[in-house]
Amino acid sequence: MNMNIGLSDILLVSPMIALFLASLVPITAKVLRGNREQNPIITLCQALGGIVVAVGLLVVFGGAGKTAFNNGLIFDGVTQWMGVIALLSAGAAMIMMYENPATTGRQFSELIFLAMSSAVGMLILVSAVDLLMVFIGLEMMSLALYLMIAMSHEEKLSKEAALKYFILGSFASALFLYGVAFIFGTTGNTNILSFMENAADLIQTSRLFLFGMVFVVLGFCFKVSIAPFHAWTPDVYQGAPTPHTAFMATAVKTVSFAAFLRVIATRSLVGSEHLFDMLQWLAVITMIVGNTAAILQNNLKRMLAYSSIAHSGYILVGVITAGVSDDAAFGASGVIFYLLSYGLMTLGAFAIASMLEKSENHIVDVDDLAGLAKQRPMIALCLTVFLLSLTGIPPTLGFFGKFYLFNAAIGEGLMWLAIWGMISSVISVYYYLRPIVVMYMKEGQADVAEHSLNATTVTVVVMAIAILFLGFVSGPLFTAVEKSLL
Amino acid sequence: MILSTIVFLPLLFALIVAVWPNAKTLRPLAMGFAVIEFIVSLALFQQFDPNTANLQMVERYMWIERFGISYFFGIDGISLWLVLLTTFLTPIIVLASWTSVTERIKGFHVCLFILQTAMLGTFLAMDAIFFYIFWELALIPMYFMIGIWGGSRRIYATVKLFIYTFAGSVMMLVAMIYMMYLTQETTGQMSASLLDFYKLKIPFVGGTFFSLQTLLFFAFALAFAIKVPAFPVHTWLPDAHVEAPTPGSVILAGVMLKMGTYGFMRWVIPLFPEASEYWSWLFMLIGTVGIIYGALVAMVQPDVKKLVAYSSVSHMGYILLGLFAFNSYGMNGGLYQMLNHGISTGALFILIGMIYERTHSREITKYGGLAGVLPLFTIFFFIITLSSIAVPMTNGFVGEFFILMGTFQAQPVFAYFAVTGVVLGAVYMLWMFKRVFFGEQGELVKDEHHPLHDLNAREIAVLVPLVIMVFWMGLFPNNFLNYSKASVDHLVHNKNSYNLTINQPGAPATTAATATTTAPATEQTTAAAQGDK
């Protein structure tokens, strides 16, 4: 294979390069200082600087639909939007890492380095159109994450979570790779763009290709915690330090869905009724499992973990819509818009969970929120906004996210998925309301960690305001997303 | 701009109240705001033309162009009085909560004003999604109002309220989105405008449940029936009422329940005429059962507030009956009864709140002989009781009379049964009145340690406007009906081809011009073409 790397390739991947270089700064500084940790705030600023530069480069150079590295990477609207969402989520998660007792302090530079490396993997993942590139992105992102979780100062849960995540993550990767091998076997190629045109035919005629596609899809289902492949999620989300959980629930999920979308966009779903049916059922099961299991949880993080499983189900509805729609941009923009709203509200909710953790071994139960409304009215109000938005109550952004997603589904005739989505939203009301009830309507002393000036608070407030106001401009925003995908 | 001003002014007030630094002046400030809002809403009469059924004072701007969702306010005779009812009750509620809400006063008033915006928006929005946003928004402040300032089982009640109403409305949202796609199929352009929805001809096959119109009909009807609340889905209401603080109960009974009946008038009946007609027996049955069931259950309540709550179920049953009679008497009566119920039941809840503040009990058996101790209170309570049991010359009479007339014309069977509700209503209200106010003095009334004080000036000021309305509406119903008649009759006579036209008095004025530029040209058909037969 003849490979020419030109300036345009370098420019297109410049966000990754910028991120990678920025990730080196903190650990280099640490080495130069004789292995002494620099002030964490400086480390954080370096990381955020890298993210800002990467977002800027992504906005400037990405999005034109160009491919780089011999069609290995593509830079279109999906790359741009999903990449930006993931990077901003990563940035917010890093701000939380700076302040959470389980992650701050010693080895903070290493942590930031790993988080940034993971973000580089994410950028590869959102732009990959070659299945092997997808695999590289997945692994790069995941390996850094396994380490990050294991590095927590917390003694037991995190190690367990890291191991669980590692084993199941590796299993998912293996499944994915196995599928890729089948696809390579039938098409002689792993590039999505090359078999995109005839994927719908191939899947009907070739059993091997069907196998490959199913395994690839299942690999993704593991990664984005679609039921019944979700079992690792609650344990890992609960055990990992909260900032990492936020990172996984938003940034990791966003980019995994981006890659998922690219595979589905080959229109293989149109070719295979079975795959199409299977995915629809998976979406329905995920919505039900996530929402009903969340009702039973008393641990705040575990509840949010199950809720994020339910949200994966909603997003999968959008992914399926994009896969069968003649106007794929419509379904895909629903997914992107949903991920944007989901990212904001989930990050916000986890950020508040993080603020409530006073020590690294702290477990926050929903009942611990009692009295928060009196002690910290602002935080309670923000959490209320996040939870109402997660429920999908207007006029919050979460409502518009659901509206666009289910609108696309109904437009494609997937009425029953929309109805299931709505029914499970009703189920979700029950557990999303519980923290609000406890905060506002029960007496008690909430255990709030004392911070005088809190960067997490600032992010939380910014996100709450964004959730309230982005809804009003959601129309133009949605159109912008859709136009960028055409 | 007047409709936007009316809807969003309370939201602005809520923001000001939220940042207001001085806790002592908070109540007067809120009171001032509520009065200002009422006065502003009176300005509607200046521009409102009672002789037309058209949509007036329209404000329309494209909001989410991709899906044809617009920022779309308009008013006609059906919404006019509900808007005024909302703005009229709010100052009364603020005044009534003066001493009953003592904790987190700021939060309470913020909730109240947000709620006011949501309710006014619901009555004025003419776009499906825009309407849905206000409809759901109303749930949040109400949820907090009951959950924070309510009674001992408030959490159960508030969660139940939220889940019931939310569960009802999500299917409506799905139906709305589906109808947006229907507009796209027929006109080529997606639209969420109610006016475009009216033009849809949705296929209806009588007798089968799975006809498209029937399914959409039930998706909407369920949402509204829960809000009303109609008979089998009413159980959230007594809980919510009993646990809600006085102002919460007043809003709930006074305005929020009307969102449901208004929904039937504005959405269900004109959008799905054939299905409405076909299933009218079901809703008249539900209404009738509600009337009798509510009255019977009210009769055995030991708690005054719960009694009034069940009487609400009964009264709302009348409204449903009137609406589904599909004739001029029934519909006009239904609309009139919405206002009556807002005034009388609102007043009853306020009165119960006043006595509860004094004795901290609502148990009927602990009272007795109250008339001798609180004469003024007794007089007010008596007047409102009369209005509630629909004695002639009070507002309640006019509404119930019209509804029963309409029902006799349409489905006499239901009327026979509904009439017993009038009797039963008199029984439970008067029996309660007798037990509370006459006879031997109960333990609470003769408690020497806590002598009861009669109404003070503030409390009288709360009640007088309500009593004035009771008689004004009872003696001169035409003063009110004249404003709504054109719209209601238009709905009755053109039910099967209902259409609303945007009013353009004289030459296109500025607001009308906006409407012309953004609205699809087909909407410009004149009302004359429809013709009031």
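Numbers at a glance
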| quantity | calculated |
| --- | --- |
| So B:Trp267, is it open to solvent by 10 Å² or more (accessible area, probe 1.4 Å), of a type outside the set (Gly, Ala, Ser) and within 28 Å of B:Met180 (Cβ to Cβ) | no |
| Residue match in the stretch B:308-320 (condition: touching a residue at least 40 places away in the same chain (Cβ under 8 Å) and farther than 26 Å from B:Arg435 by Cβ) | yes |
| Extreme residue, farthest from A:Val126 (Cα to Cα), among residues of the stretch A:1-41 that are assigned to a helix (DSSP H, G or I) and open to solvent by 80 Å² or more (accessible area, probe 1.4 Å) | A:Leu32 |
| Among residues of the stretch B:147-199, those that are more than 9 Å from chain A (Cβ to nearest Cβ), open to solvent by less than 10 Å² (accessible area, probe 1.4 Å) and farther than 30 Å from B:Tyr498 by Cα, counted | 2 |
| The one condition in (1) open to solvent by 10 Å² or more (accessible area, probe 1.4 Å); (2) outside any loop (DSSP other than H, G, I, E, B) that B:Phe326 fails to fulfil | (2) |
| Unique residue being on the phi < 0 side of the Ramachandran plot and basic (Lys, Arg) when the list is A:Arg262, A:Arg267 | A:Arg262 |
| Within the stretch B:355-371, tally of residues that are open to solvent by less than 10 Å² (accessible area, probe 1.4 Å) and not in a loop (DSSP other than H, G, I, E, B) | 2 |
| Answer from B:Thr90, B:Thr122, B:Thr86 - the residue that is within 14 Å of chain A (Cβ to nearest Cβ), in a helix (DSSP H, G or I) and either surrounded by 24 or more Cβ atoms within 10 Å (Cβ to Cβ) or on the phi > 0 side of the Ramachandran plot (or both) | B:Thr122 |
| The stretch B:353-373, residues that are more than 18 Å from B:Leu430 (Cβ to Cβ) and hydrophobic (A, V, I, L, M, F, W, C) | B:Met354, B:Val373 |
| Yes/no for A:Val78 being surrounded by fewer than 24 Cβ atoms within 10 Å (Cβ to Cβ), in a helix (DSSP H, G or I) and of a type in the set (Val, Ile, Thr) | no |
| Odd one out for B:Ile292 among (1) among the β-branched types (Val, Ile, Thr); (2) open to solvent by 20 Å² or more (accessible area, probe 1.4 Å); (3) under 21 Å from B:Tyr483 (Cα atoms) | (3) |
| Within the stretch B:18-67, considering residues that are assigned to a helix (DSSP H, G or I) and within 14 Å of chain A (Cβ to nearest Cβ), the one least open to solvent (accessible area, probe 1.4 Å) | B:Phe67 |
| Answer residue from the stretch A:353-391, given it is among the polar types (S, T, N, Q) and outside any loop (DSSP other than H, G, I, E, B) and is farthest from the other protein chains (Cβ to nearest Cβ) among those | A:Ser354 |
| Test: B:Leu222 is surrounded by fewer than 24 Cβ atoms within 10 Å (Cβ to Cβ) and at pLDDT below 95 | yes |
| Helices (runs of 4 or more DSSP H) enclosed by the stretch A:392-486 - at least 1 residues per element that are in contact with a strand residue (DSSP E or B) (Cβ under 7 Å, 6 or more places away or on another chain) and surrounded by fewer than 23 Cβ atoms within 10 Å (Cβ to Cβ) | A:474-485 |
| Tally of residues being closer than 14 Å to A:Asp130 by Cα and of a type in the set (S, T, N, Q) across the stretch A:169-224 | 5 |
| From A:Met141, A:Met116, A:Met122, residue being closer than 30 Å to A:Gly65 by Cα, open to solvent by less than 30 Å² (accessible area, probe 1.4 Å) and in contact with a Phe, Trp or Tyr (Cβ under 8 Å, 6 or more places away or on another chain) | A:Met116 |
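The values are calculated or read from the model by the stated rules, or taken from the named source; none is laboratory data. Here the structure is a predicted model, which means the values were calculated and not measured. Note: ideal-geometry Cβ built from the backbone for every residue, glycine included; neighbour counts use all protein chains shown. To get the accessible areas, we keep the full protein, side chains included, count just its heavy atoms, and leave off ligands, DNA and RNA. Shrake-Rupley method; radii C 1.70, N 1.55, O 1.52, S 1.80 Å.
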